[in-house]
Structure formats: C-alpha cells, structure tokens
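Pasting a structure here, questions to come.
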Amino acid sequence: MGTFISAWLGGWDTALRVLVVLMVLDYVTGFLGAIKNHKVDSDVMFWGGIRKGAILAVVAIAVQLDQMVGKHFGVGKNGEIHQYVDLSCPAWANGGVNKPDWPLLQDGVNPNYYTVSIEHEGNSGDAMPEAQYQATLALHRWLIESLGIPVTRDNIIGHYRIDSVNKSNCPGLGFPWERLLKDLHGGSDMLNVAVLLYTKEDFWAGADVSAKNGYCAIFVRPPDLSVPAEAMSAQKLIVVGGPTTKHLNEVILSGNNKFDSAAAVAKYLEE
C-alpha cells in the first residue's frame, strides 16, 4: 500500500518528506493549541485531516498529469523528434523508484531531477523502424555532447532499471541496446550476440539470457515467423523457444513445449 501511494505521489523523495512533515507538524501543533485553550473539537480535527488529505490529492493529480506528458523528448516511428519539457526542468517519466537496479541512483533524491527522459512510439516487442532508430541515435549523440554524458550501460538506461515493477518492459523488447551503444562508441552495426524469441511469451526467459550476455539485444519473431535481418547478422544468435534459423553460429534453447524450453534456458544460465 505504501509503495502504491508513494508511486502516485511521484516517489518518496526529500520534497515529499518535507511536505508530509510540515503537514503533520501543522496538525499536531493545532491539536495541542486546542487542548491548551480547551477548544478541542472533533469536527474541526476531522475537517483539518480532510484538508491535509486534499493537499496530497492535489499533489497526486499533478504528478499523474505530468507523467502523461512528463517526458523531455518523444521519438516517433517516422523519425520525428518532439521536445515536451525543457532540459533545465525535471520531467516525470521515470515515475517512482520501485525495486531499482541502477548503481547511479542517488539516495533520497527523485531520479527525475537528474535524468533526461526519452520515450519512443511503439509497443513492447515492436521492431524499431530504421527512421526511428536514426532519430534516437542523433538525439542521444546531441545529448551526450551537450550534457557530457558518459556512454555506458549505467548512464544510458531504460526506465525498467529505476522501476522494475511498473515499467519492467520499458523501453521494450525491440529496443536495439547493443546497436545503439556500438554506434554511440563509433563502432560497427554488427551485433556480437543477439537473442531471438519465438513469441513475446518467451520474454522473461529471453531477458535472463540477455542479461547473461551483457544485456545484448533481444528480438521477437514477427507474425510471419521470419528472422529480423539485424538478428541474423549478429556474430552469435541465441534462439529461445523456437526452431533453428540456420544461423552459422546459433545456440538453440528450445524443446518440444514451453517446459522443455524453460529447462533448456535454466541449464544454459547455470553454465
């Protein structure tokens, strides 16, 4: 319950803690003053509590409205880039901190205050169109140069590393992490390792395999079950839950059913 309320209020950061402390002090001092003056009134106390709750409700509404448009940039599938929030101001696309996996997280400070948020049009598992990829690559390069951001997996992250519960699929299975980092380093487009999922249902197994391989790129076969060209061009292709792709350097983690595939993945992870 506490996690839910904190998320709706934008995270349990210093600003929110100060607000809550001031509200409690105001309520307690008012109550003590009423005792001193022999004017304790249950109705007054009740409506005083309601007013304090209304203040938090206004904060929650403002946070939720801001999260609807609270991103610095949006990148469309057609390659268009839109800026919604000035870089001198925080955006709230990260939401609250919930089971994070990010070593650069500052204790007690809402990460929205020291991050730049980019959202991409599409659903989890969508293959990113080339126009959209080139646009986000250009945007990343500009931000890196303008703000002096180091090109590492801990400085360029997905929202899932701040909130692994509510944003576990953000930015999605089709986001080309390895290609982006290589291009930002000035390397070639060829991936060292890629993971290919037969369906979106194989995501959790594929995510573990990707993590074992340095969070390499993950692809999902489209409805026609073809293999994305970028995955096929990788130096090594790990296939989860599906038949062979006839890739020259292929690892098959599949079986006759989903249980056999899960067992193959578990064995691979133990190696």
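This table checks each residue for (1) over 19 Å from residue 169 (Cβ atoms); (2) out of contact with any helix residue (DSSP H, G or I) (no Cβ under 7 Å at 6 or more places or on another chain); (3) exposed (fewer than 15 other Cβ atoms within 10 Å of the Cβ).
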{"site": "197", "(1), (2), (3)": "no, no, no"}
{"site": "219", "(1), (2), (3)": "no, no, no"}
{"site": "225", "(1), (2), (3)": "yes, yes, yes"}
{"site": "232", "(1), (2), (3)": "yes, yes, no"}
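Take residue 177 and tell me if it is touching a Cys at 6+ places or on another chain (Cβ under 9 Å) and surrounded by fewer than 20 Cβ atoms within 10 Å (Cβ to Cβ).
Yes, satisfied.
Kindly provide the set of residues from segment 172-227 that are small (Gly, Ala, Ser), modelled with pLDDT under 80 and either in contact with a Pro (Cβ under 8 Å, 6 or more places away or on another chain) or closer than 17 Å to residue 130 by Cα (or both), ordered by number.
188, 217
Check segment 36-56 and report whether any residue there is modelled with pLDDT of 85 or more, part of a loop (DSSP other than H, G, I, E, B) and aliphatic (A, V, I, L, M). Before the answer, list the steps.
To start, the set of residues in segment 36-56 that are modelled with pLDDT of 85 or more comprises none.
No, segment 36-56 contains no residue that is modelled with pLDDT of 85 or more, part of a loop (DSSP other than H, G, I, E, B) and aliphatic (A, V, I, L, M).
Any residue in segment 127-144 that is over 19 Å from residue 174 (Cβ atoms) sitting within a Cβ distance under 7 Å of a residue that is β-branched (Val, Ile, Thr)? List the pairs, counting only those 6 or more apart or interchain.
143/116; 143/149; 144/151
The values are calculated or read from the model by the stated rules, or taken from the named source; none is laboratory data. Nothing here was measured: the structure is a model prediction, and the numbers come from that model. Here the Cβ is made from the backbone with ideal geometry for all residues, glycine too, and neighbour counts use every protein chain on show.
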